[in-house]
Amino acid sequence: MNPAGPKNPAWIGSRRLLRQLRDIMAGQGAAQERLDQIAVLIARELVAEVCSIYVRRAGDVLELFATEGLRADAVHSTRLMVGEGLVGLVAAQAMPVALADAQSHPLFAYRPETGEERYSSLMGVPILRGGRVLGVLVIQNQTQRNYDDEEVETLETTAMVLAEMVAGGEILGLDEARYDSESAALPGRLEGVPLSPGLTMGTALVHRQRVTIERMLSDNAGREEERFRVALEALHIQLDAALERPDVSAAGEHRDVLETFRMFADDRGWMRRINEAISLGFSAEAAVQRVQDESQKRMVQSNSALLRERLLDFEELTNRLLRQLVDGGSDDSIQLPENTILVAQSLGPAELLNYEPGVLKAVILEEGSANAHATIVARALGIPLIGRLTGLLSRIETGDDVLVDAENGVVYLRPGDEVTANFEMALAARGVRLEAYRSLRDTPALTRDGTKVSLLLNAGLLADTNHLKETGAEGIGLYRTEIPFMVRATYPDVATQTAFYTRVFDEVDGKPVVFRTLDIGGDKALPYLQSGTEENPAMGWRATRIALDRPIMLRHQLRALIAACGGRELSVMFPMIAQVSELEAMRRLLDMELARASRAGQTVPTNLRIGVMLEVPALAMQFKNLLPRVDFLSVGSNDLVQFLFAADRGNPRMEGRYDVLAPAVLNFLKRVADECRANGTHLTVCGEMAGDPVAAMALLGLGYERLSMSAAGIGPVKAMVRSLSLGEFAAYQSRLLHSSVPSIRRHLHAYARDHGVEV
C-alpha cells in the first residue's frame, strides 16, 4: 500500500519543502549555519519577507536564533519572555497565531533592534516536542496577508523537524537546564491528590523520555509503510504478552482497561493518519510522532476528561511503537533499583506493566485523576499513587530521595535527616496502627455506652470486595457501577453486565450490597456517550438525568442486576434525584424489567430494596412525599456539600473555604436524620465525610448509625466508635450547632483529645 496523498498545490509545496529540509539537515556545517539556511528556505517557500526562529532557553526566555528578513545583529540579542508579545503568546498557548494586521494586536511587542516595523501580517507556530514548547517559528509579510489553514499546517510540519534539532542538543546543548539546578537540589514538599493509598520511601526514577528520532524524512514511502506494519505487529505481540502476566490476568476492571488499550492499537483512524504522514515524506517514526503531536494539539483545547484519557492511551502506544521502530523494542522491560519511586507527567494504562513487580514502591505524577486508567491499574496492583503534583518534573531528578505519603497526598523531595527520621517514625507508627486496626476486624463497632454502628464499604472495583474480609465491614453500602462502563471502549451488553454483577454477589458471600445505578456525566464520561461541553457539568446532564433521556441503558443495567441476583436480595439506589417524579420514573423502568423477568420465568429478587442518594438539597424539601416511597436513603456528602455552599469542590480556589463540619451542614444533616428516624427509613452516609474519624464522630452525634467509606477508613472509624461515649458527646455537640463559627472541627478535636477518643 502506497497512498498517493492529496493532490493539491499546498501538499506538493509541503513535500518539496520537506525534501529540501532533509538535504539541509543532512548537510555539512555547524547547527547555527544550517539553522540560518532553514530560515532562508522557509521564507522562500512560503513566500514571506521574514522567517524567524526563536528557541526557548532556561528561565522561559525565547531567544532569536536565526532570521531571514530581520536585522542580522538582532540574532542572539532579541529576547522575549514566554507570554510576552505575539511570539510569547504562541509559546504560552502552544497554539498557532495567524494575523493579517499583527501590529494592531494588543500583545504586539515592538523590538526596534529587529526592524520589524515594516511588516503587517504574522504567523507563528510552536516548536513542540513531547508536549513541551521548545521554541517558536514565525513568518511575516509586509502586506496584510490572510494565512490559510494549509499554510499553518505547512509551517507546523516544518516546526516539527526543527524540534528534533533542538531536542537533540544541536542548538542549545543537552546540558542547558530547564530549571535552576541550585534550587532543584534543595529539599522540597509538594501536595497533590491521593489516588491509591500507601506510605513509602525510596529513590526517584524519572519515567524515560520519548525516543529520540534521528531520521525525520524519507524518499521511500513504501519501505516506511512496511517498517510501520512490522513494528505494529510486534507491538501487538508485546501487548498480548503483558496481558498474560499473572498479576493482571485475573478478571476485573484493570483487565478491562488493558484489553481496551490493546484494542486502540487496531484503531483504523490512527493507522490511516500515520500512513498519510508517511506518504507526505516522513519516516515511519516521524509519522507516528507527527500524528501524536497533532492529537496533542487538538486535545489541549478540550475540557473533556475522556478525550484527555484517550490521548494518554495513544501517547503510550506512540512511545511503544517508536521504541519498536528505533531499537526493536528491546528496552521495553525495565529492571529497577530497589525501592523505586516512579516519577512522570502522566502514564498510560499499560506502562506500569513495564516495571518489575514488587520493586516499584510508588508512583507520583504531575497529572492523573481518580478515574484515570493508570490509577485503576495501580490500585489493582496495590501501588501507592499521588497525582496532580504541580511542578513535579521541574523539581526532581532520577536518584533523588523521595518520601511518599499517599494517604494525604504529600511528597517530600530530597528530605533532610530530621524529616526522614520523622517519616520513618510515621511509617513505624502506621504499621502499629494498621496492626491495631486489624485486631479490631472481628470486634463490633459499638460505642462505650452501647450504641451499635454499622460500618460499610464503598466499592467500585471487583478488587474492592476483597476488603470485606480484611476490614470486617458488614457489607457494601455503595457499589459504584459506572467504573466498569468507563474503562471499556464500547457499551457492555446485558450478558457482560450480568456476568460482572454475578461475580460481585458471589464475592460478597451473602453480605448486603447496594448497587448505585450509573452515575455518569460530568467528570465521568463514557467513550460511547458524547454529551458535549457543559459549563457546569456537576450540575448538568448526568446520572438520573441521562438515564431518563436514555432509558434503554438503565433498563439493560436493571435487567442485568435482576438476572445476577439469582433470587437473592437486591438493593438498588438511584443517584442525583432532584424531584420525587424522577424517582417514580426510575421505579417504573425497574417495574418493567421485573415484569419482563417474571414473564420469562426468570427468578426475581427475594427482597427488593429501593433507595436514593441525597445529593441535591431540593430533595430534602420533599421528604413528605419521598420517604414513603423508598426503603433507604444515602447521603452523598461530597456533592451535597458543594451544592449547599455553591462551591465547586474541583476548583482549587475553593479548597479549604468551606468545611463539612460547618454548623450549616450539620444542622441540615440533623434534620435529615430526624425525619428518616420518624419515618422508619434506613439512613446511611456514603461520602468522604463518613471515612474521616472526626466527621464520623459528628455524624454519630447527629443520630447517624450507618456509615459507608473506603477500606482505609474502616479501622480508624471503628477505633473512634469504640472509644466514644455517644450520649455525652451528642449533648456536647448539640450546643455547638448554632454557633457562628465556619467550622466546629477544632472543637471536636479538642473534645476527642480531652475524652480519650481515638481520632
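FYI, it's all coordinate maths here, none of it is from the lab. Not measured: the values here are computed from a predicted model. Using ideal geometry, Cβ is built from the backbone for each residue, glycine included, and neighbour counts are taken over all protein chains shown.
Of note:
- Peptides 111-124, 425-438 ranked from most to least packed by the mean count of surrounding Cβ atoms within 10 Å: 111-124, 425-438.
- Rounded, prolate or oblate (a/c below 1.5 giving rounded, otherwise prolate when a/b exceeds b/c) for the range 71-114 by Cα gyration tensor: oblate
- Charge tally around Pro742: other residues with Cβ under 13 Å, Lys/Arg +1 each, Asp/Glu -1 each, net +2.
- A protection proxy built from the mean count of other Cβ atoms within 10 Å ranks the segments 362-368, 656-662, most packed first, as 362-368, 656-662.
- The fewest-to-most ranking of Asp417, Asp591 by surrounding Cβ atoms within 10 Å reads Asp417, Asp591.
- Burial ranking of peptide ranges 535-546, 56-67 (average Cβ count within 10 Å, highest at the top): 56-67, 535-546
- Legend: ranking of residues Thr398, Thr143 from fewest to most surrounding C-beta atoms inside 10 Å; resulting order Thr143, Thr398.
- Pairwise alpha-carbon distances in the range 451-710 exceed 33 Å for 16% of all pairs.
- On the beta carbon distance between Arg671 and Ala646, with R0 = 22 Å, the FRET formula returns roughly 0.70.
- In this structure, the pairs whose alpha-carbon distance is over 26 Å, taken from Lys624/Lys718; Lys469/Lys670; Lys511/Lys624; Lys361/Lys718; Lys511/Lys670; Lys361/Lys469, are Lys624/Lys718; Lys469/Lys670; Lys511/Lys624; Lys361/Lys718; Lys511/Lys670.
- Listed by Cβ neighbour count within 10 Å, with the fewest neighbours leading, Asp36, Asp639 appear as Asp36, Asp639.
- Cα gyration tensor category, rounded, prolate or oblate, for the range 9-167 with a/c compared to 1.5: rounded
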